[in-house]
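The structure under discussion appears below in the form of structure tokens.
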Amino acid sequence: MPLREFRCTQCGEKFEELVRNGTQVSCPKCSSGKVERLISSFGFKSAGQSSTASGGCASCSGGHCSTCH
Ligand SMILES: [Zn+2]
């Protein structure tokens, strides 16, 4: 089932929508057609503690090992 996640670039509302080819997606909050699709198909939080956002790598989680650079 093609359930996609979108975010409105107008008001920032996040929502999910069933999308088929050619479907015009619009924001349920402000009805804006300017939405972007969020890529959330792989390993976002299912990979345990992935701390790439804080600068660490998978082996040290702190950003200080040789793999980080
Ligand atoms: Zn909106």
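Values quoted throughout were computed directly from the atomic coordinates according to the rules given, and no laboratory measurement underlies them. Small disclaimer: the values here were computed from a predicted structure and weren't measured. Using ideal geometry, Cβ is built from the backbone for each residue, glycine included, and neighbour counts are taken over all protein chains shown.
Assorted remarks:
- Efficiency of FRET from Cβ geometry, Ala58 and Val19, R₀ 35 Å, rounded to 0.05: 0.60
- Charged neighbours of Phe6, selected by a Cβ distance under 9 Å, balance to -1 (K, R count +1; D, E count -1).
- Chain lengthening between Lys29 and Cys65 when straightened (0.36 nm per residue, less Cα-Cα): 8.4 nm
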